[in-house]
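What follows is one structure encoded as structure tokens, with my remarks underneath.
The values are calculated or read from the model by the stated rules, or taken from the named source; none is laboratory data. Every value quoted in this text rests on a predicted model; they were computed, and no experiment measured them. With ideal geometry, Cβ positions are generated from the backbone for all residues, glycine too; neighbour counts draw on all protein chains shown. The accessibility values were calculated without ligands, DNA or RNA, using every heavy atom of the protein model including side chains. Shrake-Rupley method; radii C 1.70, N 1.55, O 1.52, S 1.80 Å.
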Amino acid sequence: MTVQAESLVVGRRRAGPAVPAPARADAFAGLLLFADLAPADRAALLAAAAMRAFDKGEAIIDGGAGDALIVLCRGAAALSIDEDGRRAVLAVVSAPQTLNLACVMAQSSPLVSWRAAERCMVMFLPRALFLKMVARDARLAANAALALAGAYQDMVATAAAQRLRCAQQRLADYLLSLPSVGDDETEVRLPHSKHLLASLLGMTPENLSRTLVALAAHGVTVQGAAVRIADRQRLRDAVGWLGAGGASES
């Protein structure tokens, strides 16, 4: 089965100029889903792919069943749900990552939307071709199951943190998860806007600002997007203390 890239309509617009084959091949690097894909199937998927760049804030997936498996190749995307004019961010992921594997496997419409958290590059793979490969490739099917299981575990962990941890714990955990800047282990940078971060952590922007100030007592100082953690172990210990009743704000 051959599907030409030009036949895929991406986000109500056709894909832009063709992307060189080496750049397309790199899009699968680091993705468990395609780790064991046969060379012929890999080539077929890449030949049928369409690629498009999205600007920050632009909708990548926003309703509709869609006809493609969507792979975030570069940048970051935010998973959100909208209701009554309000938007709640459920997750922010960085490339490489599939964005709608569950919907593709279930052949159902998405309940949520994905938006570019920064300028990003996205690959669209024909759903019918991908599902045909899954049906005859046990290893691909197993990798799809593993990817879905990992996403489910992440969802449960996020839900548990929202219900069981106070605002200071959630923010401290997030800061500790960020990579250090260069050789300075005490400094990290917020990768997204504070408004997006507040929604991700289940807070209002005002609550996030108050929580950042409160963490100063545990060695955290903030200047713009730069955050300095004076002592990581001290902050880890504070997370446990806060959970034992040291703070009550949620």
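Taking the stated definitions as given, is A141 open to solvent by less than 60 Å² (accessible area, probe 1.4 Å), assigned to a helix (DSSP H, G or I), over 28 Å from A43 (Cβ atoms) and free of Cβ contacts under 8 Å to residues at least 60 places away in the same chain? In short, no.
Of the residues making up the stretch 159-173, not one is open to solvent by less than 40 Å² (accessible area, probe 1.4 Å) and under 17 Å from the mean Cα position of the chain (by Cα). Going through (1) open to solvent by 30 Å² or more (accessible area, probe 1.4 Å); (2) at pLDDT 85 or above; (3) assigned to a strand (DSSP E or B) one by one, A88 falls short only on (2). Just one of (1) modelled with pLDDT under 90; (2) farther than 30 Å from A198 by Cβ; (3) surrounded by 14 or more Cβ atoms within 10 Å (Cβ to Cβ); (4) within 21 Å of the chain's Cα centre (by Cα) fails for I61. It is (2). Given the criteria closer than 26 Å to D82 by Cβ, aromatic (F, W, Y) and in contact with a helix residue (DSSP H, G or I) (Cβ under 8 Å, 6 or more places away or on another chain), does Y174 qualify? Yes; evaluated as a whole, the condition is true for this residue. Does the stretch 210-218 include one or more residues that are open to solvent by less than 10 Å² (accessible area, probe 1.4 Å) and either part of a loop (DSSP other than H, G, I, E, B) or among the polar types (S, T, N, Q) (or both)? Yes; the residues of the stretch 210-218 include at least one that is open to solvent by less than 10 Å² (accessible area, probe 1.4 Å) and either part of a loop (DSSP other than H, G, I, E, B) or among the polar types (S, T, N, Q) (or both).
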